[in-house]
Amino acid sequence: MVQAIWLVVLVLGTFSAGYLGYSRYLAQFVELDEENETPAHKYEDGQEYVPSKKPVLLGHHYSSIAGGAPIVGPITATVWWGWVPAFLWVAIGNPLFGSVHDFMSLSSSVRHDGKSIGYIISEYVGERGKQMILWFAFLTIILVVAVFALVVALVFTAYPQSATASAVFIALALVFGVYLYQLDLPFIPGAVAFVAAVFAGVWVGVQYPVALVPGAGPFGPYPEGTIVLFGGLPFPALLGAPNIGAWVPVVALYAFVASVLPVWVLLQPRDFLTSNLLYVGVGGTLLAVIVGTFTGAGETLAIEAPTFTTFWGNPDLPVAAPLFPILFVTIACGTISGFHSLVSSGTTAKQLDKETDARLIGYGGMLGEGLLATVAIVTVGVAFSIPEGNYSGIGLALPNFATGGGQIWNATFGISATFAATFMGLVLVSFLLTSTDTAVRLGRYMLEEIVGSPETTYQEYATNRYVNSAVQVIPAYILVSSGRWADLWPLFGGANQTLAALALLVATIWLANWNDRKQLLSTGVPMAIMLTMTSLALLYLALYQNLWQKFIQGEWGVENVTIFTQITAAIQIAIALVLVYLAWSIFKMGYDNIREVRSGGGALTGASEPGDD
């Protein structure tokens, strides 16, 4: 068996080469200059446009992009096809695809007054292009909320200790917000105290695990001493566990509430606390692998996951899926993620202190997410297992992130495996909750941008923060209720990765209009590859996995097929086909613009050069 240390060494090598070499070239290519005035200084308003120090902004940006997807996707791919395909796509694809995507999304937004990718594309192809890309992103947000709510519920069921620890974590974030912004007390003493309290919350979780209802399904009995709050709730069981079905609407409600609160109440203090969990969880696990290798942890740090299963996936799983093209949408973060373009152009570009900071925050931040993906592959690799029985499946292997992390920390540092596993469960859940309510908030901004200035009663409702958020959360719950991880996660991944291709298209259009001598390969090649892969994957999911297998062949993959199940499958087909149509329509508009500019039509007036006012 391969030792985990070799995965760490290889990924550190490719990432170092990417940052020291390729990112330096890209920074020179787009002519980053620390003397240029950034939107944060140009439009400083104390609310959205606020210059932030590089380490502070890196922490906020990293905690916003490094959600649960770079953990969930690599684990899913490892279980499905083996660790080699998953690892290679992260180690090679991240510095060449994802980090380029994040850096260019951030740089292009900075050069367009911190505006969104929708605004940028409208500058070159018109309002129709903006509307289409915003609708595409909005549909992607609904899928983000759906799959992340399901994963949080799954981890809470597998590790009830993490449910308690997460409740303590959220309460601490709320109090920390009051401490900082209402009481205006010193930051450093408060930060030390609240970070320490988060780790104390892990101990509370170990002592007092919480479940909503009886029934952990394939995860067996709850740990001894688990507090079960209700005898039963009127929600359908998911993945064979009533407790998962009970937690999903609770998580959806949390996302709704958190997304409408002022940012100082929860988002900002929680992001700070989450970033500390991120640093300790990722850095500590990588350090444990390195130290454990040289101190004799031995077989504990060996990769037990299969090197490669088959092209059609793990034969022990109830659902088959082809490596090509599904791998490229299964690892929906960790290598490349369209969601990052929304964060980069939605919030980070408005806080960049100097243009040159974009190299570390954009390119370097994505490399950091790749390290998180590597940790996910290592943890599931050392604690590889698939629950047996009628409920076995990809989704149920996700808690192995906590189990494997606990084993690694226990083997190297001697920390209790239960405590360490609870901590790693909290790491996973904190990322997922951050991504979920951040996604709803970004979706609210997008729908407001689509509607513009409300002129009718309908438009006023659409821009209402409560109605707007509910429009995202309710459809997300309907999608989750299908209970089929093999459908939901690739559909989310297909949407997310296609959005990444469109963000690279926007960057390519910007470069083409900026200067007709700028090469377009750095963004154009990853864009073409991702658009092709994701379109094929979405068509496979819609036409084969849903339409052919379910409606025509009658192979639904669940015991009880209800009208609700059929409606959910029909919605998935419709979403996939609409996404493909939108993506290629936007590509056609962008391609026509680039061809016109490069064939002698000249750059459009909207092109933004360095220092352009």
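Couple of notes before you dig in:
- Taken over the C-alpha atoms, the chain has Rg and Dmax values of 22.9, 73 angstrom.
- Accessible surface comparison of 125, 8, 578, probe 1.4 Å, protein chains only, largest first: the order is 578, 125, 8.
- Phi-based couplings in Hz for the stretch 86-99 (Karplus 6.51, -1.76, 1.60; Gly and Pro marked x): 4, 5, 5, 5, 6, 5, 9, x, 4, x, 9, 10, x, 5
- Computed 3J(HN,Hα) for the stretch 250-258, one whole-Hz value per residue from the Karplus formula 6.51 cos²θ - 1.76 cosθ + 1.60 where θ = phi - 60°, is 5, 5, 4, 5, 4, 4, 4, 5, 4, glycine and proline marked x.
- In plain terms, the C-alpha convex hull of the stretch 392-548 casts an average shadow of 14.9 nm² when viewed from every direction.
- Nitroxide proxy distance, nm - points 7 Å out along Cα→Cβ at residue 31 and residue 54: 2.2 nm
- Cα-based equivalent ellipsoid of the stretch 463-562: semi-axis lengths in Å, sorted from largest, via gyration tensor: 35, 21, 8
- Computed about its Cα centre, the charge dipole of the stretch 503-610 is approximately 240 debye, with only Lys, Arg, Asp and Glu carrying charge at their Cβ.
- Treating r as the C-beta distance of residue 474 and residue 517 and R0 as 35 Å, the FRET efficiency rounds to 0.10.
- Summarising the label geometry, the points placed 7 Å from Cα in the beta-carbon direction at residue 199 and residue 41 lie 3.9 nm from one another.
- Available extension along the chain between residue 237 and residue 280 is 12.1 nm, counting 0.36 nm per residue and deducting the alpha carbon span.
- Cα-based equivalent ellipsoid of the stretch 240-399: semi-axis lengths in Å, sorted from largest, via gyration tensor: 31, 24, 18
- Förster-model FRET efficiency, 35 Å R0, residue 548 and residue 24, C-beta, rounded to 0.05: 0.15
- Average accessible surface for the chain: 36 Å² per residue, computed with a 1.4 Å probe over protein heavy atoms with every protein chain in place.
- Full extension of the chain between residue 175 and residue 10 gives 55.2 nm of extra length, using 0.36 nm per residue less the Cα-Cα distance.
- Here residue 446 sits with roughly 10 square angstrom of accessible surface, probe radius 1.4 Å.
- Length-normalised contact order for the chain - Cα pairs under 8 Å, 6+ apart - percent: 27 percent
- Centre separation in Å (Cα based) which lies between the stretch 239-277 and the stretch 478-518: 24 Å
- Just the protein heavy atoms count here, and of the accessible area of the stretch 161-225 at 1.4 Å, carbon and sulfur take up 72 percent.
- Here residue 228 and residue 416 are evaluated by their C-beta separation; at R0 = 35 Å the FRET efficiency comes out at 0.90.
- For the stretch 29-167, radius of gyration divided by Kirkwood radius, i.e. Rg to Rh on alpha-carbons: 1.03
- Point-charge dipole on Cβ atoms (K/R +1, D/E -1) for the chain, about Cα centre, debye to 20: 620 debye
- Taking a straight Cα-Cα cut-off under 22 Å and skipping sequence neighbours fewer than 8 places away in the same chain, the lysines within cross-link reach of residue 54 are 42, 115, 350, 354.
- Cα centroid separation - the stretch 561-592 against the stretch 416-477, whole Å: 21 Å
- Label-point gap, in nm, between residue 311 and residue 188 - each point 7 angstrom along Cα→Cβ: 6.1 nm
The values are calculated or read from the model by the stated rules, or taken from the named source; none is laboratory data. Given the structure is predicted, the values throughout are model-derived calculations rather than measurements. All Cβ positions, even for glycine, are placed from backbone atoms using ideal geometry, and neighbour counts span all protein chains on display. To get the accessible areas, we keep the full protein, side chains included, count just its heavy atoms, and leave off ligands, DNA and RNA. Shrake-Rupley method; radii C 1.70, N 1.55, O 1.52, S 1.80 Å.
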